[in-house]
1. Give or take rounding to whole Å, what are the principal axis extents of the alpha carbon atoms in region 4-163, in descending order?
2. Between residue 134 and residue 90, with labels modelled 7 Å along Cα→Cβ, what's the label distance in nm to one decimal, could you check?
3. For residue 108, enumerate residues with amide H under 5 Å from its amide H, sequence gap 5+ or separate chain, H modeled in the peptide plane.
4. Evaluate the relative contact order of the chain (contact order divided by residue number), counting alpha-carbon pairs under 8 angstrom at least 6 apart; express in whole percent.
5. Can you bin every Cα-Cα distance in region 1-61 into 5 Å intervals starting at zero and give me the percent of pairs per bin, rounded to whole numbers?
6. List the extent of the Cα atoms of region 81-154 along each of their three principal axes, largest first, rounded to whole Å.
7. Do any chymotrypsin sites (Phe, Trp or Tyr not before Pro) in region 1-95 lie in a loop, going by DSSP, with at most 16 other beta-carbon atoms within 10 Å of their beta carbon, and if so which?
8. Which of 113, 67, 46 sits closest to the plus end of the dipole of the chain, meaning its Cα is farthest towards the positive end, when Lys and Arg get +1 and Asp and Glu get -1 on the C-beta?
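Since every read-out is calculated from the coordinates, none of them should be taken as a lab result. Predicted, not measured: the structure shown is a model, and the values here were computed from it. Here Cβ is always computed from backbone atoms with ideal geometry, including for glycine, and neighbour counts include all displayed protein chains.
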Amino acid sequence: MSEYETNVDVDGDGQWDDVSYSENADGSVTITADQNNDGVVDFVAHDYNADGVVDDAIYDDDYDGDADTFWKDTTGDGYLDRAAGDTNDDDVVDWNGVDANQDGHIDHATVDTNYDGKADTYVADDNYNGNAEYAAVDTDGDGYTDRTTDPTQAGNQAQVNWS
């Protein structure tokens, strides 16, 4: 196991973080980190074929002991580009998204904002500039969009027009 090595930026700050590796019986590698140094693992990743590329990861964003964000590399390039999260710690996924241009920001997401088990908000950063150019909300749960942002007001939430 001493030959295995990979770099992991657990918290997305652009710096490689200190991680531990353990080889599993099937030849895969589990990568762990304790980000807040409290003795509890906050990050668990898997490299299923031990090629130095992380295939998926689970992260406890708020250090409460419950997994909050689940990431997956769907293209095999080592970049975790799909994510899902549980924001209210009820063990149900409340949001999912994709980082389509691999810049470290979710570009398209669906969210269950009222925690009823149905996605009711869709947000898109179609220009990949860090601003949501489009948002749609189903406020009454009937499956139809009740409010949407005016694309001409992209990124300026104070002046968004709802129709």
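1. Principal-axis extents of region 4-163 (Cα, largest first): 55, 31, 28 Å.
2. A separation of 2.9 nm, rounded to one decimal place.
3. Amide H neighbours of residue 108, under 5 Å, 5+ apart: 98, 100, 125.
4. For the chain, the relative contact order is 9 percent.
5. Final binned percentages: 4, 20, 31, 26, 14, 5, 0.
6. Between the extreme Cα coordinates on each principal axis of region 81-154 lie 31, 27, 15 Å.
7. Listed in order of number, the matching sites are 4, 16, 48, 63, 79.
8. 113
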